[in-house]
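A.B. asks: One structure, pasted below without further comment.
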Amino acid sequence: MNQPQSSGLRCSSCKSARTDACFCCDKSKFTDPRNGETTPSEVLFVEQGVKEFEKVVEGRNKNVEELSIEFESEIREAENAHDVHRNEFFRKLGETLAGLEPRLMCNDLHIEIRTPLDLLPIIGNISSENFTDLVISSNSDELFEMRDVVELPHWKQLIYLRFRWLSSLSLPDITHIPNAPFLIPSPNVEDIMSFVEACRESPNELSHTIMANTDIAPVAQQLKPLGTQYTIGGTIIGRIPRRFGGYIKYEISHFLWNWETVSL
């Protein structure tokens, strides 16, 4: 399949190379109502998007059920140009949110980002009141440093987290979250057992899907005395009684762990 050839043109606003159209600029025409003359007009896409966002949030009662933010690039856009536009986009959205009085209240935040620096201007400038769900998606293969996000008051209120990219999150960071499918670096046995004990002591209904590359044999050995356990194929299945009644049902394989509380 033939690849599209570059025309060699450059956008006069952002100077990025483009073929048929620039991602950040919308080439359009403006007709002057006084004389009917039509002239070309160049509108920056990022600025236009932020203006539309401002209209939406300023026209509401500052309380939304879900806020979904996604930044997509032109397929042929150079990566460095995309990074500049993305950084500007999230920075300006953050400034818009910071200028709202009262702060925008949001129950669920669904956001596609490349780095935590994209997330912080958004989550840090919405109200933590009523904030419960955080869904993060990314196409980055870099480790996400989440320390600044975890320290926000929003984090302690989460009841649902979905984040399936490698990050600095550890098991203690998510113990308080009832429902959390996520990916973490390989934890050691001590961290895993501390997590298990916290789950046993928690009054919350829990459902955790953890993706981690860990040797399951020593983990299974530590879990076995706590309840019942058996193995089917390469999967270890077991039950651990909880302090508040019921039990934790778990399934552990080489890369995937499922933990779920069952009430009686």
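A.B. asks: Looking only at segment 232-252, which residues are in a loop (DSSP other than H, G, I, E, B) and either exposed (fewer than 14 other Cβ atoms within 10 Å of the Cβ) or in contact (Cβ under 8 Å) with a residue 60 or more places away in the chain (or both)?
C.D. replies: First pass over segment 232-252, keeping only residues in a loop (DSSP other than H, G, I, E, B): 233-234, 242-246.
Answer for segment 232-252, where residues must be in a loop (DSSP other than H, G, I, E, B) and either exposed (fewer than 14 other Cβ atoms within 10 Å of the Cβ) or in contact (Cβ under 8 Å) with a residue 60 or more places away in the chain (or both): Gly233, Gly234, Arg243, Phe244, Gly245.
A.B. asks: Could you list all residues from segment 209-225 that are more than 20 Å from Arg162 (Cα to Cα), among the hydrophobic types (A, V, I, L, M, F, W, C) and surrounded by fewer than 17 Cβ atoms within 10 Å (Cβ to Cβ)?
C.D. replies: Step one: of segment 209-225, the residues more than 20 Å from Arg162 (Cα to Cα) are 214-225.
Of the ones still in play, those that are also among the hydrophobic types (A, V, I, L, M, F, W, C) are 216-217, 219-220, 223.
Within segment 209-225, Ala217, Ala220 qualify.
A.B. asks: Residues in segment 182-208 that are buried (at least 17 other Cβ atoms within 10 Å of the Cβ) and under 20 Å from Arg162 (Cβ atoms): how many?
C.D. replies: 9
A.B. asks: Within segment 119-158, work out how many residues are without any contact (Cβ under 8 Å) to a residue 40 or more places away in the chain, part of a helix (DSSP H, G or I) and within 15 Å of Leu97 (Cβ to Cβ).
C.D. replies: 5
A.B. asks: Can you confirm whether Leu97 is farther than 26 Å from Ile248 by Cβ and among the aliphatic types (A, V, I, L, M)? First the steps, then the outcome.
C.D. replies: Values: farther than 26 Å from Ile248 by Cβ: yes; among the aliphatic types (A, V, I, L, M): yes.
It is true that Leu97 is farther than 26 Å from Ile248 by Cβ and among the aliphatic types (A, V, I, L, M).
A.B. asks: Within segment 172-224, how many residues turn out to be outside any loop (DSSP other than H, G, I, E, B), closer than 21 Å to Thr235 by Cα and aliphatic (A, V, I, L, M)?
C.D. replies: Of the residues in segment 172-224, 13 are outside any loop (DSSP other than H, G, I, E, B), closer than 21 Å to Thr235 by Cα and aliphatic (A, V, I, L, M).
A.B. asks: Going by what's in this entry, would Val64 be described as out of contact with any His (no Cβ under 8 Å at 6 or more places or on another chain), surrounded by 14 or more Cβ atoms within 10 Å (Cβ to Cβ) and modelled with pLDDT under 80?
C.D. replies: Answer is no for this residue.
A.B. asks: Follow-up question, since we're still on this one. Consider Ile136 carefully, then state whether it is buried (at least 16 other Cβ atoms within 10 Å of the Cβ), at pLDDT 90 or above and touching a Cys at 6+ places or on another chain (Cβ under 7 Å).
C.D. replies: Judged against the criteria, Ile136 is not a match.
A.B. asks: Can you name every residue in segment 106-125 that is surrounded by 17 or more Cβ atoms within 10 Å (Cβ to Cβ) and closer than 12 Å to Val64 by Cβ?
C.D. replies: Cys106, Leu109 - these are the residues of segment 106-125 that are surrounded by 17 or more Cβ atoms within 10 Å (Cβ to Cβ) and closer than 12 Å to Val64 by Cβ.
A.B. asks: With respect to Leu161, determine if the residue is assigned to a helix (DSSP H, G or I), out of contact with any His (no Cβ under 7 Å at 6 or more places or on another chain) and either buried (at least 17 other Cβ atoms within 10 Å of the Cβ) or aromatic (Phe, Trp, Tyr) (or both). Please lay out each step first, then the result.
C.D. replies: Values: assigned to a helix (DSSP H, G or I): no; out of contact with any His (no Cβ under 7 Å at 6 or more places or on another chain): yes; either buried (at least 17 other Cβ atoms within 10 Å of the Cβ) or aromatic (Phe, Trp, Tyr) (or both): yes.
Spelling it out, it is not the case that Leu161 is assigned to a helix (DSSP H, G or I), out of contact with any His (no Cβ under 7 Å at 6 or more places or on another chain) and either buried (at least 17 other Cβ atoms within 10 Å of the Cβ) or aromatic (Phe, Trp, Tyr) (or both).
A.B. asks: Exactly one condition in (1) farther than 16 Å from Gly49 by Cβ; (2) in a helix (DSSP H, G or I); (3) at pLDDT below 80 is false for His82; which is it?
C.D. replies: Of the numbered conditions (1) farther than 16 Å from Gly49 by Cβ; (2) in a helix (DSSP H, G or I); (3) at pLDDT below 80, the odd one out for His82 is (1).
A.B. asks: Any idea which residue in segment 253-264 is surrounded by the fewest Cβ atoms within 10 Å (Cβ to Cβ), counting only those that are outside any strand (DSSP E or B) and among the hydrophobic types (A, V, I, L, M, F, W, C)?
C.D. replies: Leu264
The values are calculated or read from the model by the stated rules, or taken from the named source; none is laboratory data. These numbers come from a predicted model, not from an experiment. We place every Cβ from the backbone using ideal geometry, glycine too, and count neighbours over all the protein chains shown.
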